[in-house]
Structure formats: structure tokens, C-alpha cells
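Everything on this sheet refers to the single structure shown next.
The values are calculated or read from the model by the stated rules, or taken from the named source; none is laboratory data. Predicted model only: the values in this text are computed from it and were never measured. Using ideal geometry, Cβ is built from the backbone for each residue, glycine included, and neighbour counts are taken over all protein chains shown. For accessibility, only protein heavy atoms count, side chains too; no ligands or nucleic acids. Shrake-Rupley method; radii C 1.70, N 1.55, O 1.52, S 1.80 Å.
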Amino acid sequence: AIGISIFHSIAAFNNSGFDILGGLRNLTPYQDDVLLNLTTCTLIIFGGLGFLVILDIGKQKCFKKLTLHSKVVIVTSLVLLVVGTLTLKLTENVTWLGAFFQSVSARTAGFSTYPIGQFTDAGLFVLCILMFIGASPGSTGGGIKTSTFFVLAQSTRSMFSKQAVGAFKRSISSQNVSKAYAISMLSALVVIVATFLLCVLEPEFQFIQLLFEVISAFGTVGLSTGITPDLSGAG
């Protein structure tokens with residue numbers, strides 16, 4: 001039990017999602033275990049925040065004194081967790097604990113307490129969005145990163161409000177905005193091309209399954225609807 005716990009703790013903090021429980025069940029037998037779920041979520045969240053943010057929190061211990069980067073990462077992560085939990089609870093027949101766990105795990109951890117293959121298209125699409133955004137810079141996770149998503153959101157808000165791009169009484173340079181758009185566009189292009197190729201190579205699977213597979217791989221998440229072992233060599 002100690003060996004398995006150590007392995008899963010490291011897998012959770014490093015957002016790898018590997019489990020050694022056997023079969024393809026992952027953590028589904030423990031979907032109602034509150035302690036295991038919350039402990040795993042805590043490790044995933046801290047691993048996804050990034051080492052710079054963790055060090056900043058340890059030094060300052062007050063939100064107002066944190067750096068702009070830390071504030072952006074923490075606020076964006078909280079918003080994604082809340083929105084992800086609510087939408088998954090609305091679209092899937094899961095408990096609040098299950099919705100929260102999947103919202104956390106989809107941000108590149110790869111653990112699951114419910115069979116992903118049984119999710120509705122709406123639920124899978126929510127997970128796709130969370131996986132594409134991913135974790136934060138300097139973290140153990142993938143995706144386009146929470147800071148990139150935050151800059152895009154602030155840039156869009158500034159277009160409608162006719163105000164300068166910024167947050168927390170700090171401005172965001174046009175160079176950073178351009179980088180955020182470039183990263184997002186290139187990432188979206190990679191996902192689009194890869195999804196198209198899988199649609200050609202694997203016509204027997206549904207589009208949402210293939211899109212989910214691609215974004216999961218791109219964001220280094222590791223979640224799957226169960227089609228991975230049945231893909232062709234090219235796929």
C-alpha cells in the first residue's frame with residue numbers, strides 16, 4: 001500500500017496520470033473515496049500551478065503581495081476549476097466530487113474516476129476545452145497554459161471596453177498579447193491537422209472521440225474514451 005501510494009502521489013503531482021492498479025479502470029473503484037480524491041486533486045493542482053507560483057506563495061503568504069504571474073495563474077486556475085466542475089455536473093450523471101475531480105484532472109493530469117467513454121458529447125467537449133488550456137507555465141502540465149488563456153481573455157475584454165489590456169492594476173504589453181495569440185493559433189492548427197488526419201485514418205470512430213484523443217495527446221493529458229488501443233499503426 002505504501003509503494004502504490006508513493007507511485008500515485010508522484011504521478012499526481014507530476015500530472016502524468018499513470019496508475020498501477022491493473023486493467024483500464026484507473027481510479028474508478030475509488031470514485032466515492034473523499035480522502036483519496038481530494039488528496040489527488042491537491043497534488044494535481046499544486047503540480048499544475050508551477051514551481052514559481054508555489055515558491056511565491058510560500059514566501060508571501062498574502063495574495064496582494066504575490067507577483068502578477070502568480071495572481072494570473074491562481075485566479076485563472078480557480079475560475080477553470082469552478083466552471084469545469086459546474087458544467088461537468090450539468091452535462092454528466094456524476095457526483096459533485098466526481099465533477100470536481102474530472103475538472104481538476106482534465107487540466108493535464110490524466111486520472112479518471114468515471115469511465116470517460118461513457119460521457120456525453122457535451123461532457124467530452126468540456127473536457128477538450130480544459131485539456132487544451134492545460135496547466136500553468138513552469139509547471140508539470142501541458143496545454144497552451146492558463147496565462148496564455150488569461151491574456152487572450154483580457155485582450156478580448158479590452159476590445160469591447162476600449163480600455164488598455166491589463167489586470168490587477170498592471171498593464172500587459174502588446175508583445176505578450178501577440179505571443180498569446182500566436183501560441184493559441186499554432187496550437188489550434190496542430191490540433192485541427194491532427195484531428196483531420198485521424199478522421200481520414202480512423203473513419204470507424206466518432207469525430208468527438210478523435211478530437212478528444214488528439215487534444216488529450218497534445219496537452220499531454222493521457223485521458224481517453226477507450227479507443228487508443230484500437231487505433232491503427234498510422235493513427
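Could you give the accessible area per residue of the chain, probe 1.4 Å, as a whole number in Å²? Display every interim value, and only then the final one.
On the way: 12180 Å² over 235 residues.
Per-residue value: 52 Å².
Starting from the exponent 0.38 and prefactor 2.2 Å, build the expected Rg for the chain from its residue count and divide its actual Cα Rg by it. Walk me through the numbers on the way to the answer.
On the way: Rg = 18.2 Å, N = 235, 2.2 N^0.38 = 17.5 Å.
Rg over 2.2 N^0.38 Å, computed on Cα atoms: 1.04.
Tell me the trypsin sites (Lys or Arg not before Pro) within the stretch 12-89 that lie in a loop according to DSSP and have at most 15 other beta-carbon atoms within 10 Å. Walk me through the intermediate numbers first.
Details: sites: Arg25, Lys59, Lys61, Lys64, Lys65, Lys71, Lys89; in loops: Arg25, Lys61.
The qualifying sites are Arg25, Lys61.
Approximating the spin labels as points 7 Å out from Cα along Cα→Cβ, the Ala182-to-Ile4 distance works out to 4.8 nm.
What length, rounded to one decimal in nm, is gained on full extension from Leu231 through to Val34, with 0.36 nm per residue of separation minus their alpha-carbon distance?
Working: separation 197, 0.36 × 197 = 70.92 nm, distance 3.48 nm.
Full extension of this stretch gives 67.4 nm more.
Helix-only arithmetic for the chain: the sum of -39500 (n - 2.57) across DSSP H runs with n ≥ 4, divided by the residue total, places the mean residue ellipticity at 222 nm at -20000 deg cm²/dmol. Legend: Rg and Dmax of the stretch 89-144, from Cα coordinates, 11.2, 35 Å.
Need the full-extension length gain, Arg157 to Ile192, defined as separation in residues times 0.36 nm minus the C-alpha distance. One decimal, nm.
Working: separation 35, 0.36 × 35 = 12.60 nm, distance 2.61 nm.
Difference between extended and current length: 10.0 nm.
For the stretch 10-48, applying the loop criterion from DSSP together with a ceiling of 15 other beta carbons within 10 Å to the chymotrypsin sites (Phe, Trp or Tyr not before Pro) yields Phe18.
For the stretch 95-235, what mean projected area does the convex hull of the alpha carbons give, in nm²?
So the Cα hull casts an average projection of 10.2 nm².
With 0.36 nm allotted per residue and the present C-alpha distance subtracted, the Lys64-Cys199 stretch has 43.8 nm of extension available. Shown for the stretch 1-76: the carbon plus sulfur share of the solvent-accessible area, taken with all protein chains present and a 1.4 angstrom probe, equals 70%.
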